[in-house]
Amino acid sequence: MLANTQILLTVCTIGVLTADAYKITDEFGVGRRFDGIGGLSGGGATSKLLVSYPEPQRSQILDLLFKQQHGAALQILKVEIGGDGQSTDGSESSHMHESWDESYHRGYEWWLMKEAKKRNPDILLSALSWAFPGWVGDYGSDPYKNVSKLAYYTVSWIKGAKEVHNLTIDFIGIWNERMWNNDYILELRSSLDRNGFRNTKIVAPDTFGMEYSGFEKLFENATLRNALYAIGVHYPGTELPRNMRSNGVPLWSSEDYSTFNDDVGAGCWARILNQNYVNGNMTSTISWNLIASYYSALPYERDGLMTAMHPWSGHYTIDNPIWVTAHTTHFASVGWNYLKHGKGSGKLGAGGSFVSLTNGKDLTIVIETLSHNHSICIRPSLPAYNVAEQSATFVFSGSFSAIKKLQLYTTRFFFDGRSTVPFEKQADAIITDSKLTLRLAVDAVYTLSTIVSPGRVEPKDIPAASDFPLPYSENFDSYAADEEPHYLAQQNGAWEVVKSEGESFVRQKVLNHEIAWCGQSFASTAAVIGDAKWRDVSISIRVRVPSSKGANTLFAALRSSSYGCGEDTSTGLFLWLNPNTTTYWISYDIASLHIAYIGLLPTPFQLDQWHTASLSVVGSTFSIGIDSHSISVALGKGAASHGFVAFGSQGYGYSDWDDLRVESGVDDVFFK
């Protein structure tokens with residue numbers, strides 16, 4: 001049975017199938033403005049490994065994401081404004097660790113935005129905070145304590161984007177998936193205007209789609225409503241309440257998808273790209289995440305439009321969400337309009353959906369017939385429904401009555417052992433007497449358009465995947481100041497290269513607890529490197545604690561795992577050092593709840609001096625060295641069996657690290 005918003009014109013029989021007919025017309029005007037399809041870099045350091053890729057693979061990946069009519073051809077790039085705190089798969093550095101510590105050369109989001117603009121000058125840039133440096137909220141847990149200070153912090157980032165990188169930020173949010181504050185929205189709008197950013201629009205509140213309590217306040221207060229461009233929700237399941245859909249406010253699914261990028265994930269993406277508009281009047285959908293470019297053992301493995309987790313080999317995979325995206329982005333631009341429900345957009349009679357978009361001249365129709373079990377997203381739950389093979393007749397009138405043919409592109413998903421055939425050009429679809437009938441398979445995506453696309457273009461000879469290379473060494477000499485080292489995935493805090501007195505080293509720079517997004521149960525900083533499958537490895541690293549603003553307790557660890565928002569439950573083999581004391585200890589977890597050994601150094605671990613820490617594990621024997629002192633201990637019950645190399649601190653404060661070496665097995669240079 002057709003939805004109420006559809007108009008059934010004719011029913012005819014083609015073979016054994018019934019052909020439902022649907023109007024494609026602008027005779028009664030058009031629907032909402034199309035605001036674009038995007039990807040989200042960050043929200044957990046999700047592009048961490050991308051910047052480390054060699055050429056030509058790095059440029060190939062960037063082309064597949066951003067180049068117009070090439071791969072995904074994304075129309076929006078949304079990035080995290082780093083806040084020094086864990087935000088899912090890692091932390092991203094803030095531009096202002098403290099009010100007096102300001103730099104616009106930290107992290108990789110600036111680089112990524114510039115690369116996106118090179119490939120598509122029209123791409124829109126959006127930004128949002130997850131965590132915030134502690135000073136923004138006067139070292140409490142509420143960033144809204146002083147809305148003027150918070151607005152200053154956010155607008156400073158926008159100003160730095162423009163003045164340092166010549167990047168114009170088109171959209172800005174407030175605080176990811178947390179409470180919103182009406183006073184802050186108004187203060188942010190005022191601050192943007194005062195600083196010359198009137199064209200930077202606010203999209204808020206970026207909360208989960210089912211958390212609608214209080215949304216009506218965003219509509220009822222005219223001043224507040226005028227401060228916003230769009231209402232942004234996360235993971236709405238394509239549905240929004242009627243009062244939101246009917247009041248004319250632009251609606252965005254400002255974070256969506258978050259699903260493993262196999263063919264079921266691609267089916268999820270295809271379904272929601274259409275049905276977010278059909279069911280919820282949402283005119284923009286943004287994928288978390290842009291690209292799965294973080295260590296595979298971190299949370300939400302491969303929840304990106306494509307995958308790039310092996311920069312040391314150059315290997316990456318072009319996953320089918322890329323080509324599902326192309327079904328829309330190759331054929332419609334931001335600023336086009338959807339056709340109205342029942343006049344070009346709606347549900348199909350035997351399941352599935354279609355949307356039509358136009359710029360007043362060209363026309364694009366995107367159809368999806370994804371079945372329930374082959375389009376399940378990670379969230380929210382998907383109610384049962386059925387899809388059957390069907391025929392659909394589209395009847396063209398208004399501005400489209402003179403169209404005689406449309407380009408046709410298809411993606412067919414097969415779940416019976418056959419390979420999916422993505423984004424394939426078919427013979428032109430011929431329109432006769434203003435009618436076009438298509439036979440639609442189950443689990444397919446179709447695009448009909450007056451626009452011509454070059455179709456699927458894929459790089460050849462992508463290198464094979466390989467394990468993290470050992471032996472590995474890093475002295476940090478090749479980096480610029482404030483740069484984040486390759487492969488070193490910061491999990492909490494900010495790990496940046498410092499140039500001082502002829503030396504280059506990496507320093508953990510966060511001095512105070514951030515306003516957390518994840519809300520770990522205790523304060524710690526951490527960074528990981530390598531492979532979560534590592535068992536028997538040895539490391540050597542030099543470490544120093546400055547006497548000014550230094551950390552209180554340091555660790556280096558092997559076989560370390562359970563990072564992300566669960567960092568405070570991390571397990572591993574941890575060596576702990578206290579500056580200015582002779583005591584050290586070994587624990588099996590980052591919280592030091594399970595202490596396996598306590599020892600004494602012959603001399604105190606001095607501040608402002610470099611010390612060498614060595615760790616090695618083979619089987620059930622863990623050996624450590626601190627300068628000339630060394631011991632070995634037998635591992636007991638509860639000791640970790642595999643994991644990353646990690647280092648960091650309990651609490652905050654500066655700590656310096658240099659000359660990292662990682663070997664497989666025991667290195668006799670470390671232990672004699």
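The values are calculated or read from the model by the stated rules, or taken from the named source; none is laboratory data. These numbers were taken from a predicted model, which means no experiment stands behind them. FYI the Cβ positions are ideal-geometry reconstructions off the backbone, even for glycines, and counts take in every protein chain you see.
Considering the range 568-609 alone, what residues qualify as being charged (D, E, K, R) and closer than 19 Å to I539 by Cβ?
Listed by number, the list holds a single entry, D589.
Just need a number here: residues in the range 148-166 that are of a type in the set (K, R) and closer than 27 Å to K118 by Cα.
Within the range 148-166, residues that are of a type in the set (K, R) and closer than 27 Å to K118 by Cα number 2.
Of all residues in the range 596-645, which are within 25 Å of D467 (Cα to Cα) and surrounded by fewer than 16 Cβ atoms within 10 Å (Cβ to Cβ)?
Matches in the range 596-645: V618, G619, S620, T621, S641.
Is there a residue being under 19 Å from the mean Cα position of the chain (by Cα) and over 20 Å from S126 (Cα atoms) anywhere in the range 244-257?
no
Any residue in the range 525-540 that is assigned to a loop (DSSP other than H, G, I, E, B), surrounded by fewer than 19 Cβ atoms within 10 Å (Cβ to Cβ) and aliphatic (A, V, I, L, M)?
Yes - at least one qualifying residue is present in the range 525-540.
Would you check which residues across the range 431-459 are among the hydrophobic types (A, V, I, L, M, F, W, C), farther than 17 Å from T25 by Cβ and part of a strand (DSSP E or B) and list them?
Listed by number, the residues that qualify are L438, L440, A444, V445.
Which one is surrounded by the fewest Cβ atoms within 10 Å (Cβ to Cβ) among residues in the range 497-521 that are in contact with a His (Cβ under 8 Å, 6 or more places away or on another chain) and of a type in the set (A, V, I, L, M)?
In this case the residue turns out to be L511.
Given (1) touching a residue at least 60 places away in the same chain (Cβ under 8 Å); (2) polar (S, T, N, Q); (3) part of a loop (DSSP other than H, G, I, E, B), identify the lone condition not met by T168.
Status for T168: all satisfied but (1).
If I go through the range 393-418 residue by residue, how many of them are touching a Phe, Trp or Tyr at 6+ places or on another chain (Cβ under 7 Å) and free of Cβ contacts under 8 Å to residues at least 40 places away in the same chain?
Counting residues in the range 393-418 that are touching a Phe, Trp or Tyr at 6+ places or on another chain (Cβ under 7 Å) and free of Cβ contacts under 8 Å to residues at least 40 places away in the same chain gives 1.
Wholly within the range 601-652, which strands (runs of 3 or more DSSP E) include no fewer than the required count, namely at least 1 residues that are under 37 Å from the mean Cα position of the chain (by Cα) and modelled with pLDDT under 95?
644-650
Since A388 meets every condition but one in (1) out of contact with any Leu (no Cβ under 7 Å at 6 or more places or on another chain); (2) within 14 Å of F34 (Cβ to Cβ), which condition does it not meet?
Of (1) out of contact with any Leu (no Cβ under 7 Å at 6 or more places or on another chain); (2) within 14 Å of F34 (Cβ to Cβ), only one is false for A388: (2).
Kindly indicate the residue of the range 467-496 that is buried (at least 20 other Cβ atoms within 10 Å of the Cβ) and either without any contact (Cβ under 8 Å) to a residue 24 or more places away in the chain or in a strand (DSSP E or B) (or both) and also farthest from the chain's Cα centre (by Cα) among those meeting that condition.
E474
Among the residues of the range 246-254, are any without any contact (Cβ under 8 Å) to a residue 40 or more places away in the chain, buried (at least 21 other Cβ atoms within 10 Å of the Cβ) and under 21 Å from R33 (Cα atoms)?
Yes: one or more hits.
Within the bounds of the range 363-375, is there any residue that is in contact with a His (Cβ under 6 Å, 6 or more places away or on another chain) and not in a loop (DSSP other than H, G, I, E, B)? Before the answer, list the steps.
Our first condition is that a residue be in contact with a His (Cβ under 6 Å, 6 or more places away or on another chain); within the range 363-375, this holds for 366.
Now restrict to residues that are not in a loop (DSSP other than H, G, I, E, B): 366.
Yes, the conditions are met somewhere in the range 363-375.
Looking at the range 114-127, can you tell me whether even one residue there is of a type in the set (D, E, K, R), within 30 Å of G653 (Cα to Cα) and either modelled with pLDDT of 95 or more or in the same structural domain as G232 (by TED's automatic domain parsing) (or both)?
No.
Determine, yes or no, whether E458 is among the acidic types (D, E), modelled with pLDDT under 95 and under 25 Å from the mean Cα position of the chain (by Cα). Let's see the steps before the verdict.
Values: among the acidic types (D, E): yes; modelled with pLDDT under 95: yes; under 25 Å from the mean Cα position of the chain (by Cα): yes.
Yes; evaluated as a whole, the condition is true for this residue.
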